[in-house]
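I have placed the structure first, in the form of structure tokens, so that the comments after it can refer back to it.
The values are calculated or read from the model by the stated rules, or taken from the named source; none is laboratory data. Here the structure is a predicted model, which is why all the values come from computation and not from measurement. Cβ placement follows ideal geometry from the backbone for every residue including glycine, while neighbour counts extend to all protein chains displayed. Surface areas here come from the heavy atoms of the whole protein model, side chains and all, with no ligands, DNA or RNA. Shrake-Rupley method; radii C 1.70, N 1.55, O 1.52, S 1.80 Å.
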Amino acid sequence: MSLPSVAIAGATGAVGVELIRCLEERDFPLKSLKLLASARSAGKTMTFRGEEITVEELTEDSFRGVDIALFSAGGSISKKYARAVVDAGAVMVDNSSAFRMDDNVPLVIPEINPEAVKQHRGIIANPNCSTIIAITPLWPIHQKNRITRLIASTYQAASGAGAAAMEELEEGTRAYLEGREFTPSVLPHPYAFNLFSHNAPIDPATGYNEEELKMVKETKKIFGDAAIRVAATCVRVPVLRAHCEALTVECERPITPAEVKEILSTAPGVRVVDDPARNYYPMPIDASGQGDILAGRIRADLSDPSGRSFCLFVAGDQLLKGAALNAVQIAELL
Ligand code: A2P
């Protein structure tokens, strides 16, 4: 088979830059790479494998000759160009939430459901970052002792809201320290030395925000298990690029922390960081730039005397496993 031609839509964004780096670092076999962004970025150059590539404006005609189109320019852009991608005979790997819950679109974490890729009809969705970071470590446990319930509390970085939000966190912090007025324009609340409920819109029917509902729905779809009960509280914290999550997990049968640790020690895409003697556990600073999800604070859930529940704390790079890396792994499966 000849090597694929790849395009990145949203190449200049926070995830786009990491997509380029992942293709480079994983030695992704490709014939050519096309970088696409808005008209604002057209003409700018970016480096890939030591060569300068000129960014082109994303248009309906961008996908002629393209085999795989990695999209990370927001849901409305994905929806706008999906038809053009599919009509050009390319496969879209989409980072946005636009198609995730569509029955005809596989929602894939390669460590969990790689076989789902085969069912694509031109579009494959990359799951929400908080979902990926929570459930990649949980899958090997689910296979050994079915998980019946998950309660997640997230500590989410600025990167999930894009490069402009990361800049806003830096700029807002600088202004705070210098005693200057600063009015946020990307995120709804002051971010420096603060935290706030995730900025996704609230669903009036449930009171949950859309980020939380993504975790609920996507977990069921990816695990292929409609019965798993999930509740989440999603919060933005002033961290640049790695999300943390406190997870409380209930299994069908009793499970010990030692068993959880044993399973996680060989789980693909996971690294156990669990050192009570040093009080050293997963931190965003250690997860940043890493492909693996860090998992630790593995302990029994003292609120469940049946012994079927445990607690876990995870940290994962939102831009890598939470977005770009997972998308490139999907492209590798293709
Ligand atoms: P640009 O840099 O030209 O604005 P982030 O998630 O970090 O905010 O990045 C969003 C990405 O999506 C950027 O690469 C951005 O390009 C791109 N993008 C935003 N709006 C459009 C658009 N209308 N057409 C094409 N690309 C877009």
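Per-structure values
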{"item": "Contour minus Cα-Cα distance for S2 and N279 (0.36 nm per residue)", "result": "94.7 nm"}
{"item": "Heavy-atom SASA rank of D67, D304 (probe 1.4 Å, accessible area, largest first)", "result": "D67, D304"}
{"item": "Accessible area per residue, Å², segment 183-274 with all protein chains present, probe 1.4 Å", "result": "47 Å²"}
{"item": "Rounded if a/c under 1.5, otherwise prolate or oblate - segment 189-334, Cα gyration tensor axes", "result": "rounded"}
{"item": "Label-point gap, in nm, between D286 and R83 - each point 7 angstrom along Cα→Cβ", "result": "5.0 nm"}
{"item": "D103 accessible area, 1.4 Å probe, all protein chains in place, Å² to nearest 10", "result": "150 Å²"}
{"item": "Other-chain or far-sequence residues with amide H under 5 Å of T148's (modelled H)", "result": "E250, C251, E252"}
{"item": "Neighbour net charge for E262 - beta-carbon separation under 15 angstrom, K R +1, D E -1", "result": "+2"}
{"item": "Accessible surface of the chain, 1.4 Å probe, proportion on carbon and sulfur as whole %", "result": "51 percent"}
{"item": "Charge tally in the Cβ shell below 15 Å around T148, where Lys, Arg are +1 and Asp, Glu are -1, T148 excluded", "result": "+2"}
{"item": "Two-site label geometry, A175 and S153: point separation in nm, points 7 Å out along Cα→Cβ", "result": "3.0 nm"}
{"item": "Flagged links, alpha-carbon separation over 26 Å, of K80/K118; K31/K217; K144/K220; K118/K221", "result": "K31/K217"}
{"item": "Gain in span if fully extended, V235 to D304, counting 0.36 nm per residue against the direct Cα distance", "result": "22.3 nm"}
{"item": "Accessible heavy-atom area order of R83, R64, highest first, probe of 1.4 Å", "result": "R64, R83"}
{"item": "Residues in segment 52-71 that a label on E167 would reach, taking backbone N under 20 Å of a point 7 Å out along Cα→Cβ", "result": "55-58"}
{"item": "Local electrostatic count, S288, Cβ distance below 14 Å [Lys/Arg +1, Asp/Glu -1]", "result": "0"}
